[in-house]
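One structure below.
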Amino acid sequence: MALKLVIGDKNYSSWSLRAALALELVGEPYEEIAVRLYQANSRARLLSHSPTGKVPVLVTEAGPVWDTLAIVEYLAERFPETHLWPRGEYPRALARSICAEMHSGFTALRSHLPMDLARDQALDEIPGEVQADIERVCAIWSDCRERFGEDGRYLFGHVSIADAFYAPVAARLRSYQVSLPEPAATYVDTIYGWPAFQRWRQAALHEVRG
């Protein structure tokens, strides 16, 4: 049985994007099941795949995996040869730390700058709590790339789960035309040059334009 990934709207579902990018890193064929969110039948359709009724969901031969962190850990364990996490004990621990921070934090940024890949317009004003989140994200990117980004592009040298987790943030910062320090702006360029992200973005724009 091929893996199946249940996702929401590509233009808006940041968590679906994270899981899809991680699955693309594996390189194995999989079936994509897209469920438009906020429709009358959305919850019923999602409940047919997962007990939470939320996206993303990875459907495996053994059953569903429905949390993004759990999905990427499942993929890392099932496909160890792909090195989805960085090599080395401390780099892996740091990557897990920043992914967990993304998973549970940055609520102001996510609330005020929801993912919208078709958007290209700045906010009239960035609230203070959002600016604090942006500065923390930039600090994470700078630290990881300086210490472990061998080529200065991805966070830990080779593209990894950490980049999958922060790709939607990079997209938010570009969509809302946020002014960034040069290292952070360069990392956003790296994400936009990632072929898997480019494919998702093009599909998202097609989705919006019909």
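The values are calculated or read from the model by the stated rules, or taken from the named source; none is laboratory data. Only a predicted model underlies this, so the values are computations on that prediction, with no experimental measurement involved. Backbone-built Cβ (ideal geometry, glycine too); neighbour counts: all protein chains shown.
General observations
- Arg145 falls short on exactly one of the conditions (1) in contact with a Phe, Trp or Tyr (Cβ under 6 Å, 6 or more places away or on another chain); (2) among the charged types (D, E, K, R); (3) surrounded by 20 or more Cβ atoms within 10 Å (Cβ to Cβ), and that condition is (1).
- Some residue of the range 181-195 being in contact with an Asp or Glu (Cβ under 6 Å, 6 or more places away or on another chain) and hydroxyl-bearing (Ser, Thr, Tyr): no
- For Val137, the requirement of being at pLDDT 95 or above, assigned to a helix (DSSP H, G or I), of a type in the set (A, V, I, L, M) and out of contact with any Phe, Trp or Tyr (no Cβ under 6 Å at 6 or more places or on another chain) is met.
- For Ala40, the stated conditions do not hold, so it cannot be described as under 20 Å from Trp200 (Cα atoms) and either of a type outside the set (Asp, Glu) or modelled with pLDDT of 95 or more (or both).
- Where Phe106 falls short, out of the listed (1) of a type in the set (Phe, Trp, Tyr); (2) more than 18 Å from the chain's Cα centre (by Cα); (3) at positive phi: (2)
- For Ala70: the one exception among (1) in contact with a helix residue (DSSP H, G or I) (Cβ under 6 Å, 6 or more places away or on another chain); (2) aliphatic (A, V, I, L, M); (3) in a helix (DSSP H, G or I); (4) under 20 Å from Ile7 (Cα atoms): (1)
- Summed over the range 53-67, residues that are in a loop (DSSP other than H, G, I, E, B) and either over 30 Å from Ala40 (Cβ atoms) or over 17 Å from the mean Cα position of the chain (by Cα) (or both) total 3.
- Single unsatisfied condition, Glu77 versus (1) in the same structural domain as Glu28 (by TED's automatic domain parsing); (2) outside any helix (DSSP H, G or I); (3) surrounded by fewer than 12 Cβ atoms within 10 Å (Cβ to Cβ): (2)
- Filtering the range 1-32 to residues that are assigned to a strand (DSSP E or B), more than 13 Å from the chain's Cα centre (by Cα) and among the β-branched types (Val, Ile, Thr) leaves only Val6.
- Scope the range 80-122; condition part of a loop (DSSP other than H, G, I, E, B) and of a type in the set (Phe, Trp, Tyr); matching residues: Trp85, Phe106
- Some residue of the range 193-207 being touching a residue at least 12 places away in the same chain (Cβ under 8 Å), closer than 26 Å to Arg36 by Cα, acidic (Asp, Glu) and surrounded by fewer than 21 Cβ atoms within 10 Å (Cβ to Cβ): yes
Per-residue answers, yes or no, for (1) surrounded by fewer than 20 Cβ atoms within 10 Å (Cβ to Cβ); (2) modelled with pLDDT of 95 or more; (3) assigned to a helix (DSSP H, G or I):
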| residue | (1), (2), (3) |
| --- | --- |
| Trp141 | no, yes, yes |
| Pro168 | no, yes, yes |
| Ser179 | yes, yes, no |
| Pro183 | yes, no, yes |
